[in-house]
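The values are calculated or read from the model by the stated rules, or taken from the named source; none is laboratory data. Please read these numbers as outputs of a predicted model, since none were measured by experiment. Methodologically, a virtual Cβ is constructed for each residue, glycine included, from the backbone with ideal geometry; neighbour enumeration extends over all protein chains shown. These accessible areas exclude ligands, DNA and RNA; they are computed on the full protein's heavy atoms, side chains included. Shrake-Rupley method; radii C 1.70, N 1.55, O 1.52, S 1.80 Å.
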Amino acid sequence: MAEKKMNRRMFLKVSAVAALGAALGACVPAAPTATPKPAEPTKPPAAPTATPKPAAPKYKDPPMLAELVKAGKLPPIEERLPANPWVAPVAEMIGKHGGTMRRAFTGVADRWGPTKLVDRGLFWFDAKSQLAMKPRIIESWEINQDASEWTLRLRKGTKWSDGTPFTSDAFKWLFERQVLNKTLTPTVGEPWVTGTPKVTAKAEFPDAYTVKYRFAHPKPLFFVGMGGRAHPYAAGHYLQKFHIDTTPDKAALEKEYKEKGFASWDTYYNSDRVMWHLNPDLPTINAWLFKSPLSAEMFLMERNPYFWGVDSEGQQLPYVDRITHRLFSTPDVFNMWIVNGEIDFQARHTSFGNYTLYKENEKKGDYQVFLGVGAGHWALNINHTTKNKRLREFFGIRDVRIALSLAVNRAEINDLIFDGLATPRQYTPISKSPQYHAKASNAYIEYDPKKANELLDKAGYSKKDAQGFRLWKDSTEPISFIFEGTAAAGTPEEDGAQMVAKYLAAVGIKATYKYFERALYTQHYSANEIEAAWWGGDRTVLPLVAPIIWIGTQPDRPWAVAWGFWRTDPTNPNAEEPPKDHFIRKIWDIWDNKVAVEPDAAKQTEYFKQLLDVWAEEIPYPAFLGEIPAPIIVKNGFRNYLKGYPLDDPTGDEHLLNTETYFWEDPSKHSG
């Protein structure tokens, strides 16, 4: 009997993001031009069929590429594009080719800034259709009845940036040579496994343009977690010479990795060769190529001649020729560049605490300040797995965590730093999310230092020193810990951290904020050498797309570092199995055995709220403010980005509307 394919109604049941529906309508503006009638909230689009080709004349080269074609240095555009290219939606209007977009970053450790410009993947979210998933790199997809089998259809003729055909071989290489290779991947990651114990998926590659994944159990969230910003493919034609099983010269490979300071081929492969920011020779299918080292003071990105997307008039994307990221060392320097008009388009590193500064200098800097809905939170990420045993015991007491929450005056922080425009809340999905849960959002957010003191006394920390700080049990030493972060002195974020430290001191807890450059911060949490952090949490618009903070596997929000390592890679030297009776196991059970295997979107949300009930009860870490207005600097004349959209990691922050379609009204004025 032929296996049933998923029809339009069935697709609803596995589309975790489709349920966003009308909930986002209030925060997502319509385009100024005529907007198509939105899909009914209960009927998101099924996995689409092939995107129609643009009408003749078919395709138009960007001027900088047309010159290369004319000189015989580049094939004609018809030979560079797939037979059925991706036709990108535009937020406002068809754009113009040319110009440079100027941005800023803090260096190699800030690689996610440049990354988010280009890492939209197999599908992306359509802002005009309530964030429904639409095909992007791939042409279409199919899902079987119980979401245990996924079939991807590729665009024929897509090419890597070096002109090599992009086919199912790219998916085959990643799955067979990386995912299933025990040396490169000692523990297969969660996107590729189902069940308990974990069973790894099987993959088939019937032809050059078809990829099939078969799971032993239903995997309704596979595509949601894999297709947006994840890339389940790799440039095997290039990487084969660095893989021990396929290299034509093992001796040469050994010599190369040793000369570059690596102890083995696998560390060289995993830590360098597959990393775009460390290996500029790595072929890509991104819209822009990286033309200088990320360590450079001015990091340059330039259009990919083989990019596989066009607009509805056949103009090859992206519109903008080049993007620069200029290195800055302090927030004051970055803000100076903004007010001087040297930043063209950026939300990353801006702060609502500087909103007045930005607004007052709009005319001087020739820009506008757009406001989005921030998905991030200000929070104290206490590490339940800290190597400090006394502190681990302290953080492990529920009454202590509740006391840390009640001790902080959220309203005062909100008024002093955000003019009351943020929202006092715990770390939970924002109010416009389909998974919003009022109980979890409002748990223990009142300011009640009296109750906080009572809970700390009850927890066994009633004794104090002469300065009023509480003492460790059976000790004359005061309770103290460091919470670290990347918010530099003088920033609103650092101001907030210092205010939290002050409130905790008032109930006898000595907490000290310490700034670290992001590379050092990363070293600390990667080694689980971190007591607590001032990092908060995001991924609150579509939490089912990226549940990694909720389930404790995102170590840079370090509330469960060692346990998260154990879940994702038990071989990690810092991994540690959580106690059998710890609440994190209840969180994992709800996610693994309810949310992650349930094909019905409404039931997924119901189960996820059960997970949030655990958060409301246990307060894994106290959060203070969320739904903070997020400023985006937009240079006058820069088009196709609109006000009011949510900024969150899974949806690419300010790149939700497809950065390839952003353009200059007069590119000649912005040559860089």
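When SER405 is tested against (1) out of contact with any Pro (no Cβ under 7 Å at 6 or more places or on another chain); (2) within 25 Å of TYR447 (Cα to Cα); (3) of a type in the set (Ser, Thr, Tyr); (4) crowded, with 20+ Cβ neighbours inside 10 Å, only condition (1) is not met. Does at least one position in segment 98-108 carry a residue that is open to solvent by 20 Å² or more (accessible area, probe 1.4 Å) and more than 25 Å from PHE242 (Cβ to Cβ)? Yes, the conditions are met somewhere in segment 98-108. Restricted to segment 87-202, the set of strands (runs of 3 or more DSSP E) holding at least 1 residues that are within 30 Å of ASP344 (Cβ to Cβ) comprises 100-105, 123-126, 132-135.
In segment 577-584, the count of residues that are at pLDDT 95 or above, in a helix (DSSP H, G or I) and either farther than 29 Å from GLN145 by Cβ or not acidic (Asp, Glu) (or both) is one or more.
Only residues that are under 14 Å from TYR233 (Cα atoms) and either touching a strand residue (DSSP E or B) at 6+ places or on another chain (Cβ under 6 Å) or open to solvent by 10 Å² or more (accessible area, probe 1.4 Å) (or both) were counted across segment 120-129, and they come to 2. So which residues in segment 316-357 are within 14 Å of ARG103 (Cα to Cα), of a type in the set (A, V, I, L, M, F, W, C) and more than 24 Å from the chain's Cα centre (by Cα)? Once the filter is applied, which keeps residues that are within 14 Å of ARG103 (Cα to Cα), of a type in the set (A, V, I, L, M, F, W, C) and more than 24 Å from the chain's Cα centre (by Cα), segment 316-357 yields VAL333, MET336, TRP337, ILE338, VAL339. Taken together, the criteria exclude GLY496 from residues that are over 32 Å from the mean Cα position of the chain (by Cα) and either in a strand (DSSP E or B) or crowded, with 17+ Cβ neighbours inside 10 Å (or both). Counting just the residues of segment 483-493 that are farther than 18 Å from ASP415 by Cβ and not in a loop (DSSP other than H, G, I, E, B), which one comes out nearest to the chain's Cα centre (by Cα)? Ranking the qualifying residues of segment 483-493, first place goes to GLY485. Of the set (1) surrounded by fewer than 18 Cβ atoms within 10 Å (Cβ to Cβ); (2) in contact with a helix residue (DSSP H, G or I) (Cβ under 9 Å, 6 or more places away or on another chain), all apply to PHE418 but (1).
Regarding segment 538-555, can at least one residue be identified that is within 30 Å of LEU416 (Cβ to Cβ), in a helix (DSSP H, G or I), among the basic types (Lys, Arg) and out of contact with any Leu (no Cβ under 7 Å at 6 or more places or on another chain)? Within segment 538-555 (the criterion being within 30 Å of LEU416 (Cβ to Cβ), in a helix (DSSP H, G or I), among the basic types (Lys, Arg) and out of contact with any Leu (no Cβ under 7 Å at 6 or more places or on another chain)), the answer is no, since none of the residues qualifies.
I'd like to know if segment 340-350 contains one or more residues that are polar (S, T, N, Q) and open to solvent by less than 50 Å² (accessible area, probe 1.4 Å). Yes; the residues of segment 340-350 include at least one that is polar (S, T, N, Q) and open to solvent by less than 50 Å² (accessible area, probe 1.4 Å). Residues in segment 245-300 that are open to solvent by 70 Å² or more (accessible area, probe 1.4 Å), of a type in the set (A, V, I, L, M, F, W, C) and assigned to a loop (DSSP other than H, G, I, E, B): ALA263, LEU278. The set of residues in segment 425-474 that are open to solvent by less than 40 Å² (accessible area, probe 1.4 Å), hydroxyl-bearing (Ser, Thr, Tyr) and under 18 Å from ILE397 (Cα atoms) contains only TYR461.
If you check TYR358 against the conditions, is it touching a His at 6+ places or on another chain (Cβ under 6 Å) and either within 27 Å of PHE299 (Cα to Cα) or buried (at least 22 other Cβ atoms within 10 Å of the Cβ) (or both)? The answer is no for TYR358.
Check whether at least one residue in segment 421-444 is in contact (Cβ under 8 Å) with a residue 40 or more places away in the chain, of a type outside the set (Ser, Thr, Tyr) and more than 30 Å from GLN130 (Cβ to Cβ), and report yes or no. No, segment 421-444 has no match at all. Which residues, taken from segment 316-359, are without any contact (Cβ under 8 Å) to a residue 60 or more places away in the chain and touching a helix residue (DSSP H, G or I) at 6+ places or on another chain (Cβ under 8 Å)? Listed by number, the residues that qualify are ASN335, VAL339, ASN340, LEU357. The residue that is surrounded by the fewest Cβ atoms within 10 Å (Cβ to Cβ), among those in segment 528-566 that are without any contact (Cβ under 8 Å) to a residue 40 or more places away in the chain and not β-branched (Val, Ile, Thr), is ASP556. When MET133 is tested against the conditions (1) modelled with pLDDT under 95; (2) within 30 Å of ASN636 (Cα to Cα); (3) buried (at least 18 other Cβ atoms within 10 Å of the Cβ), the lone failure is (2). Only one of the listed residues (LEU625, LEU612) is part of a helix (DSSP H, G or I), touching a His at 6+ places or on another chain (Cβ under 7 Å) and crowded, with 21+ Cβ neighbours inside 10 Å. That residue is LEU612.
Examine segment 181-200 for a residue that is of a type in the set (Gly, Ala, Ser), within 30 Å of VAL90 (Cβ to Cβ) and open to solvent by 10 Å² or more (accessible area, probe 1.4 Å), and state whether such a residue exists. Within segment 181-200, not a single residue is of a type in the set (Gly, Ala, Ser), within 30 Å of VAL90 (Cβ to Cβ) and open to solvent by 10 Å² or more (accessible area, probe 1.4 Å). For segment 213-235, filtering for residues that are out of contact with any Asp or Glu (no Cβ under 6 Å at 6 or more places or on another chain), crowded, with 20+ Cβ neighbours inside 10 Å and either modelled with pLDDT of 95 or more or outside any helix (DSSP H, G or I) (or both) leaves 10.
For beta carbons closer than 6 Å, sequence separation of 6+ or different chains, a first residue in segment 508-521 that is surrounded by 17 or more Cβ atoms within 10 Å (Cβ to Cβ) and a second that is basic (Lys, Arg), the qualifying pairs are GLY508/LYS464; GLY508/ARG470.
Between ALA411, ALA375, the distinction of being among the aliphatic types (A, V, I, L, M), in contact with a Pro (Cβ under 7 Å, 6 or more places away or on another chain) and open to solvent by 10 Å² or more (accessible area, probe 1.4 Å) belongs to ALA411 only. The conditions of being open to solvent by 30 Å² or more (accessible area, probe 1.4 Å) and β-branched (Val, Ile, Thr) are not met by ILE479.
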